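Before any comments, here is the structure.
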Amino acid sequence: MNRILLVCCAAAFFMKGAHAQEETPAYLDESRPLEVRIADALSRMTVEEKVRLSYAQGKFSSPGCPRLGIPELWYSDGPHGVRAEINWNDWGYAGWTSDSCTAFPALTCLAATWNTELSARYGKALGEEAVYRGKDVQLGPGVNIYRTPLNGRNFEYMGEDPYLAGEMCVPYIQELQKNGVAACVKHYALNNQELWRGHIDVELSDRALYEIYLPAFKAAVERGGAWSVMGAYNKVRGTHAAHNKLLNNEILKGEWGFDGCVVTDWGAAHDTYEAAMYGLDLEMGSYTNGLTSESEFGYDDYYLGKAYLKMIKDGKIPMEVVDDKAARVLRLIFRTSMNRSKPFGSLCTEAHYQAAYDVAVEGTVLLKNGNGKKQKGLLPVRPGAYRRILVVGDNATRNLMLGGGSSELKVKDFISPLEGLRKEFGEVEYAQGYAAGRPMYGQVDVVPQELTDSLRLDAVEKAADADLVIYIGGLNKNHLQDCEAGDRISYNLPFGQDELIRSLLEVNKNMVVVLLSGNAVAMPWLDDVPSVVQTWYLGTITGKALADVLSGDANPSGKLPFTYPVKLEDCPAHHFDALCYPGDSIREVYKEDILVGYRWYDTKGVKPLFPFGYGLSYTSFEYGKARLSSDKMSASGRIELSCTVKNTGSAAGKETVQLYVGDEKCSVLRPVKELKAFRKIRLEPGEEKTVTFAVTPDMLKFFDDKKHEWSAEPGKFKLYVGASSADIRSEAEFVYRP
Ligand code: BGC
């Protein structure tokens, strides 16, 4: 009897087990291929459920499919830290006490490191913070090309060169995503200014599109493997970028084979049919606070909400389109929020601070240190070398993580420049020098003239008594500075800083100027200031990194990721009429075409204030002669270029060796030269290394808009090895015979 019972129980148990196994749906089985799981999930979903995947349920969240246990997505800005929590239905901060983070240096700084290993550490650390904070999609990196120094969001991007931006964003994305957090590469595409960003219609040639503005996005997708891309606010050739057939269907999903999700910028969708048909997968942030009286639940009023469902039911949208969209959102969910094996993450660790510090130091650019003639450089400032050090400038104490728009961060720790310098140099006096007001979104906090005058007077009086003045100014994250939703209105430093610097110089010539910004600025006082340092928004560890650079504890090795024009009109986007920048409020025509950044200055013979790729060091580097493995290249072949670099100074340091390629003669306009490779190396004093670059036919190509393909014409090509785009140390040439 007992035996029979036992057998029955065992049979029941096994049957139950087998049944349960049969019942485990494929979409929940992580051992099954992703595409099988997606197809299975889709086969179980109603059309309403598929549609519901495609639009927000809160300011920073979009739903999964609750009936099937498919979780929602949580998003966060981006791109240099995990933003504090925002309210469910409005833009206010939620006021949590557990949502602070590490602020990593802004992306201009990362680009200025020219160090792809640092980019990987950056992405890894950021990904760990994002997953720890429960985020599935991290809104960044930004890879829009730096077209004008007035663009309010350049600080979130990686400079003017498509190759540099592409190389630097790939490791960031790869490492970030190893945490089960998607990168959302933004702002795709041609969001190169903030003024009129919601509607300005960009017109440009195919060559400019393919050669300048798209390569970094392509690298992010093809090599970085980005899981999502953010469709920009602006229009491109007549249609909003977020639902643009050319950008989304033909290029991103067609030519590049992107299998991820196109997410709108917040509120960037404008039309249901276009959104449905032209490649938008997920709509976020459209104008509704979720509490509007027009509907029971405001989010359903999104373009991809009720209206989309109706169009599907009316037979206006093919089911393949609906399934493809839903599949893309599911892919994003499966890769992130539904990924059960993702790590737990961590927040504000020593390793994160160290990564941030290394990026800050390696991205800081020494612009000037003496003039090689009578004027002697003042850096590094050895502790004890000066009795009375005066620090002047609002940026010495300002929390520059506040303001700037969506990239604003709430930091757990922050070392201000002044704190850092006091730690390094002991007693240091401070004068604010100028007042910049508070960062207010969309408006300027006006500073009374009396305050400006009295601050200047105080600083000048103190400077007269100082042995050394360290000026810490630049831009900030206020409206019309380095800030979203507006462009700068002047290329000069704001808040009367040029005048202030002049007044200080009148009483004390021993001055180091340190600029914190995400953009180039005019420097009318440059000749009279012995030492100038360009640094960026450095985040949590600002003061420590800055003090170490100024004191020589760390040797800066940043190289500029964009050109500094002497004056605004020298910049290609400003060389033409207003239609070229900022446009006529409706259209904008990129008349400089492919000659963006150094490509323009080189080709047109315009001398910049500081060229692309430029940056000094506390040591010096001597380059040997570039040697080629062959002076001929075939279509399938590749040749090697090698060059020695020696540290000829007395400090250890890092140098970025840059390789540019130029086509001697071509049937179409080509820039004098274009960056095609770079390598950052570390050298002890006296040490020499050989840097070798592979030169391939791909590096010789331009985008042939007639054939719609990349091509190189036979003939002579030049290779330039340089310490910057304007400081070419050695040249070599070869003949290309495909
Ligand atoms: C910005 C995006 C940002 C989004 C969400 C938009 O205003 O353009 O970059 O990710 O807001 O905050």
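List of remarks:
- Of the cross-linked pairs Lys186/Lys342; Lys376/Lys676; Lys567/Lys632; Lys412/Lys689; Lys253/Lys567; Lys607/Lys701, those separated by over 31 Å at the C-alpha level are Lys376/Lys676; Lys567/Lys632; Lys412/Lys689; Lys253/Lys567.
- Area of Arg587 that stays accessible when all protein chains are in place (1.4 Å probe, Å², to 10): 90 Å²
- Over all directions, the projected convex hull of the C-alpha atoms in the chain averages 38.8 nm² in area.
- Relative contact order for region 619-736, counting Cα pairs under 8 Å that sit 6 or more residues apart, in percent: 32 percent
- log₁₀ of I(q)/I(0) at q = 0.25 Å⁻¹ - region 243-283, Debye sum with one point per alpha carbon: -0.79
- Stretch gain in nm, segment Lys373-Trp91, where the contour uses 0.36 nm per residue and the Cα spacing is subtracted: 96.1 nm
- Scoring 658-669, 523-534 by mean Cβ neighbours within 10 Å over their residues and listing the highest first yields 523-534, 658-669.
- Counting only DSSP H runs of at least 4 residues, each contributing -39500 (n - 2.57), and dividing by the residue count of the chain, the helix-based mean residue ellipticity at 222 nm comes to -7500 deg cm²/dmol.
- Summed residue charge, Cβ within 15 Å of Ile251's Cβ, Lys/Arg positive, Asp/Glu negative: -3
- For the pair region 189-229 / region 617-660, the C-alpha centres are spaced 31 Å from each other.
- 20 Å Cα-Cα reach of Lys316 towards aspartates and glutamates, excluding residues that sit fewer than 8 places from it in its own chain: Glu48, Glu49, Asp271, Glu274, Asp281, Glu283, Asp300, Asp301, Asp324
- Evaluated at q = 0.15, 0.26 Å⁻¹: base-10 log I(q)/I(0), Debye formula over Cα of region 303-375: -0.78, -1.11
- Ranked by the mean number of other Cβ atoms within 10 Å per residue, highest first, peptides 128-136, 461-469 order as 128-136, 461-469.
- For the chain, size of Cβ-based charge dipole, Lys and Arg +1, Asp and Glu -1, in debye: 1600 debye
- A straight line joining the Cα centroids of region 479-556 and region 340-419 runs 12 Å.
- If R0 equals 22 Å, the separation of the Cβ atoms of His199 and Trp710 corresponds to a calculated FRET efficiency of about 0.10.
- When the alpha carbon gyration tensor of region 187-317 is reduced to an equivalent ellipsoid, its three semi-axes come out at 26, 16, 13 angstrom, largest first.
- Checking every one of the GluC sites (Glu not before Pro) in region 363-427 against DSSP loop status and a limit of 12 other Cβ atoms within 10 Å picks out Glu427.
- Each residue, Thr116 and Asp271, gets one label point 7 Å from its Cα in the Cβ direction; the gap between the two is 4.0 nm.
- Note that the chain presents 38 Å² accessible area per residue, ligands and nucleic acids not counted, probe 1.4 Å.
- Of the residues Thr264, Asn395, Ser531, the one whose Cα sits farthest toward the positive end of the charge dipole of the chain, with +1 on the Cβ of Lys and Arg and -1 on the Cβ of Asp and Glu, is Ser531.
- When the convex hull of its Cα atoms is viewed from all sides, region 541-661 shows a mean projected area of 12.4 nm².
The values are calculated or read from the model by the stated rules, or taken from the named source; none is laboratory data. Because the structure is predicted, anything quoted here is derived from the model rather than measured. Reconstructed Cβ throughout: ideal geometry from the backbone, glycine too, with neighbour counts over all protein chains shown. The protein model used for the area step is the full one, side chains on, heavy atoms only, and it has no ligands, DNA or RNA in it. Shrake-Rupley method; radii C 1.70, N 1.55, O 1.52, S 1.80 Å.
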